[in-house]
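Here the structure is laid out as structure tokens; the discussion comes afterwards.
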Amino acid sequence: MNDSGMASVVAAGIPGPVPAPVVSVKPVVLPAPERGEGLRVRVSAPATGGDLPVVLLSHGFGSSLEGYGPLADYWAAHGFAVIQPTHLDSRTLSLSGDDPRRPQMWRLRVEDMKRILDDLDLLEAAVPGLAGRLDRGRIAASGHSFGGQTAGVLLGMRVRDPQTGVSEDLSDPRIRAGVLLATAGDGGHLTPFAVENFPWLIGPDFSQLTTPTLVVAGEQDDLPLTVRGADWTTDAYFLSPGAESLLTLFGAGHSLGGIPGYEAAETTDENPSRVALIQQVTLAYLRHALGIDGSGWETMRKTFSQAPHPLGRLDVASESWDK
């Protein structure tokens, strides 16, 4: 089966909105004096329609608001307002290696996401025609790689602060659902490289992540951060009560087929069919988890349960095994 044929295996018969033209505005700069510089944000939304649910999309280490077009564009075209910050670790900002903000980079990322929620009025006003169209009762957080940890903290996961040793609850009740993509796992299996360079990975606690969440992992995502192998990125599913579903992509590396961007240089395993599958599964899940329409997710679950899928496996905790 060719790429287009495999991509259509799930696409056929999935209920959902018809794709719409998208308006995207960048950068909208939110004031953030204590951060050291303004927070640069990109907002993408369908050109028409109201009651738009919101997805905050946190990029991986070094990326920016310019990344993740395959997800942001797709979600926006199918009825979501997608908001993407540029975190301080972005290569576009070129922080020096000894910048005093670096040890708190993980926390500053979470604060970026909360600032967006605090300043939704400013973001609405900055995008022509968007004012009054956001559904503030339906907000999700998503992220890839380091961005997955950022989103996970908003969902209830706790990080042990490398400077204080304290694990605080930094979750946000405004977030009602999550999608975590290629996210770091348990801190007990880190490489010396990870311990030295990313100490906020040492002590995660998934037990408090209670918000409904979909985890997406690559079967061949062998990162230099762990000695365990690719299954490390499935920990958010197995160790948290809120992560109710796991999409495992056969043969996929850390880029999960190319979600960091269109023809992006950092894509490790370019595969348009994988990206299409992620688009379809995540959209159906977000619409289900936010209480918009569960029919697409129900169809998705049945599709995966009725026959093996050539691109991946979908496990739902209530249907497959006890976590």
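Some notes on this structure:
- Separation between Cα centres of segment 244-323 and segment 146-219, rounded to whole Å: 20
- Ratio Rg/Rh [Cα only; Rh per Kirkwood] for segment 200-239: 0.97
- Computed from label points 7 Å out along Cα-Cβ, the spacing between S305 and T210 is 2.7 nm.
- Using only alpha-carbon positions in segment 38-191, the gyration tensor eigenvalues give semi-axes of 27, 17, 14 Å once each is multiplied by 5 and square-rooted (largest first).
- Using Cβ point charges alone (K and R +1, D and E -1), the dipole size of the chain about the Cα centre works out to roughly 520 debye.
- Shape analysis of segment 173-230 yields a ratio of the Cα radius of gyration to the Kirkwood radius, Rg/Rh, of 1.01.
- Formal net charge of residues neighbouring L286 (Cβ-Cβ distance under 11 Å; K, R +1; D, E -1): +2
- Positive-end residue of G251, G218, A276, charge dipole of segment 192-309 with Cβ unit charges: A276
- Rounded D (µm²/s) - segment 200-320, Kirkwood Rh over Cα pairs, Stokes-Einstein at 25 °C, 0.890 mPa s: 162
- From most to least packed by mean Cβ count within 10 Å, the peptides 90-98, 277-285, 104-112 give 277-285, 104-112, 90-98.
- For segment 10-100, pairs of C-alpha atoms spaced more than 24 angstrom apart make up 30 percent of the total.
- In this Cβ point-charge picture (+1 for Lys and Arg, -1 for Asp and Glu), segment 174-323 has a dipole of about 500 debye about its Cα centre.
- Surface per residue (accessible, 1.4 Å probe) for segment 200-323, Å²: 39
- Rg to Rh, two decimals, where the chain supplies the alpha carbon set and Rh follows Kirkwood: 0.94
- Percentage of interatomic Cα-Cα distances in segment 26-67 larger than 17 Å: 48
- Cα-centred dipole magnitude for segment 250-323, charges only on beta-carbon of K, R (+1) and D, E (-1), debye, nearest 20: 220
- Calculated from backbone phi, Karplus (6.51, -1.76, 1.60) coupling profile of segment 107-118 in Hz, x at Gly/Pro: 6, 4, 4, 4, 5, 4, 5, 5, 4, 4, 5, 5
- Helical mean residue ellipticity (222 nm; -39500 (n - 2.57) per DSSP H run of 4+; nearest 500) of the chain: -8000 deg cm²/dmol
- Quarter of Cα convex hull surface for segment 135-250, i.e. mean projection, nm²: 6.9
- Karplus 3J(HN,Hα) series, Hz, for segment 255-262 with 6.51 cos²θ - 1.76 cosθ + 1.60 (x for Gly, Pro): 7, 6, x, x, 6, x, x, 6
The values are calculated or read from the model by the stated rules, or taken from the named source; none is laboratory data. Owing to the predicted nature of the structure, the values given are computational and were not obtained by experimental measurement. Cβ sites come from the backbone with ideal geometry, for glycine too, and all protein chains shown count toward neighbours. Keep in mind that these areas ignore ligands, DNA and RNA; they rest on the heavy atoms of the full protein, side chains included. Shrake-Rupley method; radii C 1.70, N 1.55, O 1.52, S 1.80 Å.
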